């Protein structure tokens, strides 16, 4: 019965929101408000009264040991997991806990998983085209329906992710790093206001890692970017504010140099890496 009631509420909420003209209220400088979120799985508290705020246009790094709650946090924010209690708002008014996964994506949250998921038999350009917010009911006429503005958006995105020269290549021929950038591009063409990125540099070469740092840094400002990552060298290269999760709660938060010197952070996570 509870699941049915939640589904009914999301349908009502969907009818209330004009997604095409949605404006996210960031007048107080924050785009994400997470307060008192708790999630339990068979008695294990994956999130324990988690409270987190993300600024509009901010680049935030989230770190923490395995089991700290990083993935569960992203699952809650994208509608994959329903919390036991707490609130989560995009801007001042958009209640994420009343929305489905697809509604949350339409409202402006994009999520990049660790493993790239692209259409390898399609070109880079076609991958970006498929990701656009456009009707996709007829495959054969999909690309013919694009207007100049949509094509310009794809071209701009190719420039941002550094794959202009590879636009006609099949995605299967790309390197691991290039596939990661392509998937970020597939989110960017949907024009999210908040981008959640999970371990973006896992398996990358040093050169690809440096390019990814430049890319993510460049994305902040017009949108907010939350990066979950284990590579401390990479975090140091991009971090402005770092949040450390431990046992489902915020253990520490602040500039990287302060977090690195926090005795509790050193004890539970960073250790000799600091």
Within the range 203-228, how many residues turn out to be in contact (Cβ under 8 Å) with a residue 24 or more places away in the chain and closer than 13 Å to residue 59 by Cα? 15
For the range 224-249, how many residues meet the condition of being touching a strand residue (DSSP E or B) at 6+ places or on another chain (Cβ under 6 Å) and either part of a strand (DSSP E or B) or surrounded by fewer than 15 Cβ atoms within 10 Å (Cβ to Cβ) (or both)? 11
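Going by the structure shown, is residue 144 modelled with pLDDT of 95 or more and at negative phi? Give the derivation first.
Numbers: modelled with pLDDT of 95 or more: no; at negative phi: yes.
No: the conditions fail for residue 144.
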By my count, strands (runs of 3 or more DSSP E) wholly in the range 28-140 with at least 1 residues that are within 22 Å of residue 181 (Cβ to Cβ) and either free of Cβ contacts under 8 Å to residues at least 40 places away in the same chain or within 17 Å of the chain's Cα centre (by Cα) (or both) are 59-63, 109-112
Looking at residue 265 and the list (1) loosely packed, with under 15 Cβ neighbours inside 10 Å; (2) outside any loop (DSSP other than H, G, I, E, B), which single condition is not satisfied? (1)
Subset of the range 175-198, residues closer than 17 Å to residue 234 by Cα, touching a strand residue (DSSP E or B) at 6+ places or on another chain (Cβ under 9 Å) and buried (at least 20 other Cβ atoms within 10 Å of the Cβ), comes to 180, 196, 197
When the residues of the range 250-271 are narrowed to those that are free of Cβ contacts under 8 Å to residues at least 24 places away in the same chain and out of contact with any strand residue (DSSP E or B) (no Cβ under 7 Å at 6 or more places or on another chain), which ends up nearest to residue 43 (Cα to Cα)? 267
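The values are calculated or read from the model by the stated rules, or taken from the named source; none is laboratory data. Quick caveat, the model's predicted, so the values are computed rather than measured. Note that each Cβ is placed from the backbone with ideal geometry, even for glycine, and that neighbours are counted across all protein chains shown.
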